[in-house]
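Q: The structure's right below; bear with me while I get my questions together.
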Amino acid sequence: MAICFALMIAVCMVFFMSIPSFLFDNPDATVNRQVLEETYNNYYNMISDEYLNDIWRAQEAAEADTAKIFAEAGGSVSGVTEPPSLYPHIRMQDSERDKLSSFLDSSDYDSLVFHKSTLFLRSVEEYEKAAQSNINLVLSLIDTQKKNWFSSIFESVADKITGGWYSEFTTWIDSKWNGFWQEFIQQDLYSITVGDTWVEEIEYHTPDGLPYYRRIAHVTIDYTYDLKGRGIAFYADKVGANQDQIDRAAEMANYLADLFGSTSDEYFGMWVDGGYYTDAIQGGTVGNNIANALVQLKDKVSGMEYDPGGTFVFPLQGYDHPPMSSHYGPRQFASDPWHTGIDFAAPTGTPILSAMDGVVLFTAQMPNGFGNYIVVYHGDSNGEPVATMYGHMSAFGSYRAGDRVSAGDVIGYVGSTGLSTGPHLHFQLHVGDVTQNPVEFFEYLSYLRPYD
């Protein structure tokens, strides 16, 4: 009898650990779908409102950045066309410089006045929609730090076991909103362009009453920003969540999305220290992004053949034969039970190297997955394209889509972006339209193969 009871308890614990407990804050939710949806919507809307507040805060911060940049420019042509100190990776492009020069050269003016304008890539409504992809995940992450539904049934038992800290911890959920969300959204300058231009003629009079005219050339400089998210690691750090809790939160988030139909195909771009990357693909699956890139870059990759006898290097600078921190294949993670690559732990900032010669297909940002990642194409093998992917990077290298790279070139830096709480390299191999185990495919990784 005792064994059966213990087994029942274990089964219940496994089942309920994957269900967000906040859904049942109102006990009636267990039998009433309307109450269940009201409970969910209440929490969802609370977080959505916090995201909106942070969007507005980031937009105000962008306005302040524009004022600083414009003041630094000093009202001169060279000032508005050169990179600002706040965003040294952004400068006015040559086409915009030509547009400015053309206007000034063709205008008869006595003085020049610059104006500033702050713009955004997307509307507030579009940024709100992009936030939807994070809300379920963040709700679930917080829930992993809160009581679970199963233990709430046995609250008195839990308090006895934990010496009373359990009840104190559950009250944290009631105050988690205060200041928790601030500065998740980060403004990032995207471009400096020439906006409206016009010439104003103003009539003046001499002391004798004779009229004379002065022509003033006006140029508006548009500073366009994008709003970026700091990734789930931002919240994980705040609540002290570990990788297991992030994995469980992702499982819960998928459960919520399926149960309430609350998902979005749009994402916030990810904030990257050191600059905005205009060519980084937002979202999408790795396989589809590879297929699309091969079509777009066909002139640069046509005729390339994979060379199994070519030069290979280990993709982490300073490492030779490190152990894997996570292997390819099945794992205990219900929403993503198959690990599509192999992981190697390394300190943040460790240079990531292209494992072989190839062509960069694209850089991409997947906030709820691989974070910042880059894909390199190495040619076809038996008619199937071979490409390697390097994920969770803290920052990209200098290579962009279409650039040729050699084995050992630095293409990025180790980080913990996306669904990750610890710095590591996720190394993934695509052959055709499927992933394969890099350990089995590449001879230089044969040291990781199991011994008979």
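Q: Can you give me the Cα centroid spacing of the stretch 366-425 and the stretch 49-78 in angstrom?
A: 32
Q: Taking amide H positions as placed 1.01 Å from N in the peptide plane, with prolines and chain starts having none, which residues 5 or more places from His115, or on another chain, fall under 5 Å of its amide H?
A: Val219, Thr220, Ile221
Q: For the stretch 100-115 and the stretch 119-135, write down the distance between their C-alpha centroids in whole Å.
A: 37
Q: Using only the Cα atoms, work out Rg/Rh for the stretch 295-380, with Rh taken as the Kirkwood radius, to two decimals. Before the final figure, lay out each step's value.
A: Values: Rg = 15.3 Å, Rh = 15.4 Å.
That ratio is 0.99, to two decimals.
Q: Report the per residue volume, in Å³, of the convex hull enclosing the C-alpha atoms of the stretch 20-88.
A: On the way: hull volume 7.3 nm³, N = 69.
Dividing the Cα hull volume of the stretch 20-88 by its residues yields 106 Å³.
Q: Charges at C-beta only: +1 for Lys and Arg, -1 for Asp and Glu. How large is the resulting dipole of the stretch 182-230 about its Cα centre, in Debye rounded to 20? Let's see the in-between values first.
A: Working: 4 positive and 9 negative charges, 37 e Å.
For this selection, approximately 180 debye.
Q: Could I ask something else about it? From the residues Asn437, Ser394, Asn382, which one has its Cα farthest along the dipole of the stretch 376-447 in the positive direction, the dipole being from +1 and -1 charges on Cβ of Lys/Arg and Asp/Glu about the Cα centre?
A: Farthest along the dipole direction, towards plus: Ser394.
Q: Could I ask something else about it? Give the peptides 442-448, 317-323 in descending order of average Cβ contacts within 10 Å, highest first. Display every interim value, and only then the final one.
A: On the way: 442-448: 14.7, 317-323: 11.4.
Going from most to least packed, we get 442-448, 317-323.
Q: If you count, for each residue, the other Cβ atoms within 10 Å and average over each peptide, how do 252-259, 27-34, 369-376, 96-103 line up from highest to lowest? Before the final figure, lay out the partial values.
A: Values: 252-259: 19.6, 27-34: 11.4, 369-376: 25.0, 96-103: 15.2.
Order by mean packing, descending: 369-376, 252-259, 96-103, 27-34.
Q: At a Förster radius of 45 Å, what calculated FRET efficiency corresponds to the Cβ-Cβ distance of Val35 and Ser446, to the nearest 0.05?
A: Working: r = 57 Å, r/R0 = 1.27.
Computed FRET efficiency for Val35 and Ser446 comes out at 0.20.
Q: Moving on. How much solvent-accessible surface does Ser95 expose, in Å² to the nearest 10, with a 1.4 Å probe and all protein chains in place?
A: Number for this one is 80 Å².
Q: Taking the mean number of other Cβ atoms within 10 Å as a proxy for protection, how do you rank 108-115, 184-191 from highest to lowest?
A: 184-191, 108-115
Q: Using the Cβ atoms and a cut-off under 15 Å, what net charge is assigned to the surroundings of Phe260, where Lys and Arg are +1 and Asp and Glu are -1? The partial results should precede the final answer.
A: Values: positive: Arg33; negative: Glu37, Glu38, Asp143, Asp258.
Residues near Phe260 contribute -3 overall.
Q: Related question: Can you tell me which aspartates and glutamates have their Cα less than 12 Å from the Cα of Lys99? Leave out same-chain residues fewer than eight positions away.
A: Excluding near neighbours in sequence, the set is Asp196.
Q: Now for a different question. Quick one: ranking Asp49, Asp403, Asp222, Asp244 by accessible area, 1.4 Å probe, largest first, what do you get?
A: Asp244, Asp49, Asp403, Asp222
Q: Given the convex hull of the Cα atoms of the stretch 337-452, what is a quarter of its surface area in nm²? Show your work: numbers first, answer last.
A: Working: hull surface 31.2 nm².
Over every viewing direction, the Cα hull of the stretch 337-452 projects on average to 7.8 nm².
Q: I want to check the label-to-label distance for Leu121 and Gln93. Put each point 7 Å from Cα in the C-beta direction and report it in nm to one decimal.
A: 1.3
Q: Can you send over the solvent-accessible area of Lys238, 1.4 Å probe, protein chains only, in Å² to the nearest 10?
A: Lys238 has an accessible surface of roughly 90 Å² with all protein chains in place.
The values are calculated or read from the model by the stated rules, or taken from the named source; none is laboratory data. These numbers come from a predicted model, not from an experiment. Backbone-built Cβ (ideal geometry, glycine too); neighbour counts: all protein chains shown. These area figures cover heavy atoms from the full protein model, side chains too; ligands, DNA and RNA do not enter into them. Shrake-Rupley method; radii C 1.70, N 1.55, O 1.52, S 1.80 Å.
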